[in-house]
Amino acid sequence: MSTTIDPPVATTAPPVQHTGRFGAVLNAVAPFAKIGMIVGGVLSVLGAFLPWVTFVLNEGAYPERASLNMFVEPFGVSGFRLHITLLGIAAIVIALLTVPAKHRIVRGLGIGVAAVALLNGIWITVEGGGLGAITAADGTIAFGAIVALIGGLVTVLAATSGGLEARPEWEWELPWWVEWILLLVIFALVLLLVAEVLTSGGQGGVVNPYAGVVFLSLLAALSGALSALSASGLLTWVGVVSERHRVFSVVVLLLCALALPFTGAGTEYWMTVASNIGVYAATAIGLNIVVGLAGLLDLGYVAFLGIGAFTAANLSGAAASAVGIHLPFLLVMVISAVVAGIFGAIVGSPTLRVRGDYLAIVTLAFGEIFVRSAQNNIAGLTGGANAIPNIPPVGVGGFQFNDSITIGALRLPSGVMYYVAIVLLVAFVMLVFGNLKNSRLGRAWIAIREDEDAASAMGIRTGPIKILAFLIGAMLAGLAGAFFAHKTAVVAYDSFRFLESVTLLAAVILGGMGTIPGAVLGASILFVLPEKLREFADYRLLLFGLALILIMRFRPQGIIADKHRKAELADDDPEDVAREGPGALPTEVK
Amino acid sequence: MSTFLSQIANGLMFGSLIALIAIGYTMVYGIITLINFAHGEIFMVGAYGGLATLTYWVPTAVVAQWYFALPIALVAGALVAMLVAIAMERFAYRPLRNAPRLAPLITALGVSVALQEAVRVFYPGATAAIPFPPLFLDGAFVIPIGDGVVIRYTGVLLIVVSLALAFALERFVERTRLGRAMRATSQDRDVARLMGIDPDRVIVLTFAIGGALAGVAGVLYGSYLNNINIDMGFQNGIFAFTAAVLGGIGNIRGAVVGGLVIGLVRALGGQYLPGGTAYDYVWIFVVLIIVLVFRPQGFFGESERVRA
């Protein structure tokens, strides 16, 4: 076991000179970095155990699972108190130990504490009727939120003043079977974590006044923990290990995804949500080919999902369909994909003459034409405002996909078969994307994205290859559309508006353009959040718009940054350039 | 014949409105090559700003007189829209000035969604269409051809104000020092900086002018259709962008001509082409695609500039 970096020791390391806006403050604090981190951690833990609030919400009873757990169990440690306590203790321990990159790790923990305390504090204040809810009630002082927040901020300040180290790169290689077991455990943990995130704040669908904040608080704690893990370099290491056992990882991940119905999230509601996420994830991967790989901005992409859905709806034997035939589902999927692909090629053909922003506008125009035509029930194919309802569910023999399944004593919720089907579909689409990306065609797309003229000079026939990007992307969306039609049982033009295209694009960008897991991650986030934050439903789109602006401002390369993309998008970020090295850009065609 | 003339008149009215919005698109694109998707929302915000002023801040006795209400609403709408446009430039676009091209475009989409939703959430009653008071003489000319061609006074006001503002703006850009600074910045920002021009100021000015014109357009739109809704920004914004492209982007006169063409296509296409008014928007987009594919520099575009 060895690391590539020298373990930095805070006490012996030369003092870091801070510049920038808060440089003076940081320099003043720097000598006390270690003490500061410990104090911050102690304050966080203390804050977690102080009473936070002693009121009961005006509306709604105290629910079973979603709690700001101070009503009946003032000293019970669970929920956000547990999270703050754990993060605080971890901060103290790491501050005392000699760990590489410890300041960066502790900073991540501190951010987590501060975020959790802030969220709960704000929520208590707003819902509890003013600052009084945090500070005093029943004659007792309840300032847990303030103490924990201060604890978190002190931790962050002290850690930053100690100087943030580069992320260490671990090069451990264990025996293959140890690594396999490790990966298995990690992926299983991820599965449980996903289930926990989905079900936190109570099962969806139930109106619960506490659900939103409990969920956000869990997310904040998780992002704190994850940023600490990522700072320690362990996440990168796990990535390297899973890359080493690529096939194994893919199989285990697939199994984990299929195992979701067996966890706490295995309810009909979550199966439906997960299926919808799957549809948009598959479509987002298709869009990722067009935008992420080939660099052709498409603002009307959801039309292909719509074309696939309407094609499937018409071939499904639904009473309202214009074509009165009922084909088997697999055939319908193929036909939908082909039809969507043909339209993709048509929409893509202007790329021969139009570039950049103008192409974006052309695709937008095609998208709007599609919506308008569908709204007006063009050729009787789309049902117009009446939509095409009552599309029969997919059935194999006598078994309908929306039935529930009973295996022994275990009863799986209805919709679980759709979930399995969409997981397989997404896996297939990811496989297509992954192989294409590394193929000659994929490299040609990337070359066109980087510099079309240069690509052309290198002998790439840019015209057909760009149209091919649209065609293949549209086919993937068409597949997803066929699934969508059968799952939701009703296809209406309303589902394919401009905003949906923007959401898909946002999913691709949020996740990380040109990466395989990026689109899935982005789609999951963008479609889970509204489900969990129903109480903010009025502000949903407003927050979405603001989030788009903030992402572009602070992390344009997305959560999972593609190597090329990162180099291209973050060219003014010296930290990234330094890490990648100037020579890393052209050689990394992989 | 009278139907045809009526549609021509309708088309010109709608078109001059689109032209006012298109000027903002074309100027911003000319200077920072950004498709400012949020510009349509500025138009919408202007309409709501004008309405809010009339509803909440001006005594009803004053609103009742059109010669008070009209200028107040126009100025208020223009001011609100201008301030929002300046804030948008400052906080959303300026930090991305040197970012890759995709970033500001996505940001523009984000600003568009956020503005629309902000109005919907925070303006009282904005979840549905809101009635807008008539701001001009209520009545119409009737030209005695065939069954009579009816031309509303409000429509005439629309055309006159739009063309006057466009004319004034073109004079401003052609004849004044600031206008020259704008043209210089649009040609080459770095060289303009060497010549002592502060590009940031010029860019803010561009957004301010475009915003003010869009605000005026918003108020006129409300007064013409007698109700406004939060969707008006997006649709008309896309039309206006189409108009800007038609006329040749970066060209004020082109934007006006493009706007009028869009108006005519919509009115005549809705009347005479198959599908009727249900498909009138489709024809506009078809024209857009054809122009972009076959003459991307538009009617008045100079040489084709390579835009990566």
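Against the definition (within 30 Å of B:Gly298 (Cα to Cα), under 17 Å from the mean Cα position of the chain (by Cα) and away from every other protein chain (no Cβ under 14 Å)), how does B:Phe43 come out, yes or no? Yes: the conditions hold for B:Phe43. Restricting attention to segment A:544-555 and to residues that are assigned to a helix (DSSP H, G or I) and surrounded by fewer than 17 Cβ atoms within 10 Å (Cβ to Cβ), the residue that is nearest to the other protein chains (Cβ to nearest Cβ) turns out to be A:Arg553. Scanning segment B:275-296 finds no residues that are surrounded by fewer than 24 Cβ atoms within 10 Å (Cβ to Cβ), more than 14 Å from chain A (Cβ to nearest Cβ) and assigned to a helix (DSSP H, G or I). Looking at segment B:86-103, can you tell me whether even one residue there is among the hydroxyl-bearing types (Ser, Thr, Tyr) and away from chain A (no Cβ under 14 Å)? Looking through segment B:86-103, none of the residues is among the hydroxyl-bearing types (Ser, Thr, Tyr) and away from chain A (no Cβ under 14 Å).
Of the residues screened, B:Ile106 is one that is more than 22 Å from B:Ala208 (Cβ to Cβ) and either at pLDDT 85 or above or away from every other protein chain (no Cβ under 14 Å) (or both). Taken over segment B:59-105, the criterion of being in a helix (DSSP H, G or I), farther than 29 Å from B:Phe132 by Cβ and touching a residue at least 60 places away in the same chain (Cβ under 8 Å) is satisfied by B:Arg90, B:Tyr93, B:Arg94, B:Pro104, B:Leu105.
Looking at this structure, is A:Gly356 of a type outside the set (A, V, I, L, M) and modelled with pLDDT of 90 or more? Judged against the criteria, A:Gly356 is not a match.
Under the condition of being in contact (Cβ under 8 Å) with a residue 40 or more places away in the chain and over 24 Å from B:Leu70 (Cα atoms), the residues counted in segment B:131-158 number 6. Just one residue in the set A:Ile405, A:Ile422 is free of Cβ contacts under 8 Å to residues at least 60 places away in the same chain, of a type in the set (A, V, I, L, M, F, W, C) and assigned by TED's automatic domain parsing to the domain that holds A:Ala320; that residue is A:Ile405. Picking from residues in segment B:32-61 that are surrounded by 24 or more Cβ atoms within 10 Å (Cβ to Cβ) and of a type in the set (Val, Ile, Thr), the one that is modelled with the lowest pLDDT is B:Ile35.
Residue-wise test of (1) part of a helix (DSSP H, G or I); (2) at pLDDT below 80; (3) under 29 Å from the mean Cα position of the chain (by Cα); (4) not acidic (Asp, Glu).
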{"position": "A:Val53", "(1), (2), (3), (4)": "no, yes, no, yes"}
{"position": "A:Val56", "(1), (2), (3), (4)": "no, yes, no, yes"}
{"position": "A:Ala66", "(1), (2), (3), (4)": "no, yes, yes, yes"}
{"position": "A:Gly76", "(1), (2), (3), (4)": "no, yes, no, yes"}
{"position": "A:Ile89", "(1), (2), (3), (4)": "yes, no, yes, yes"}
{"position": "A:Leu109", "(1), (2), (3), (4)": "yes, no, yes, yes"}
{"position": "A:Gly112", "(1), (2), (3), (4)": "yes, no, yes, yes"}
{"position": "A:Glu127", "(1), (2), (3), (4)": "yes, yes, yes, no"}
{"position": "A:Ile134", "(1), (2), (3), (4)": "yes, yes, no, yes"}
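Going by the structure shown, is B:Met82 within 14 Å of another protein chain (Cβ to nearest Cβ), among the aliphatic types (A, V, I, L, M), farther than 19 Å from B:Ile18 by Cβ and within 18 Å of the chain's Cα centre (by Cα)? No.
The values are calculated or read from the model by the stated rules, or taken from the named source; none is laboratory data. These figures come from a predicted structure and were not determined experimentally. Heads up, the Cβs are rebuilt from the backbone with ideal geometry, glycines too, and the neighbour counts pull from every protein chain shown.
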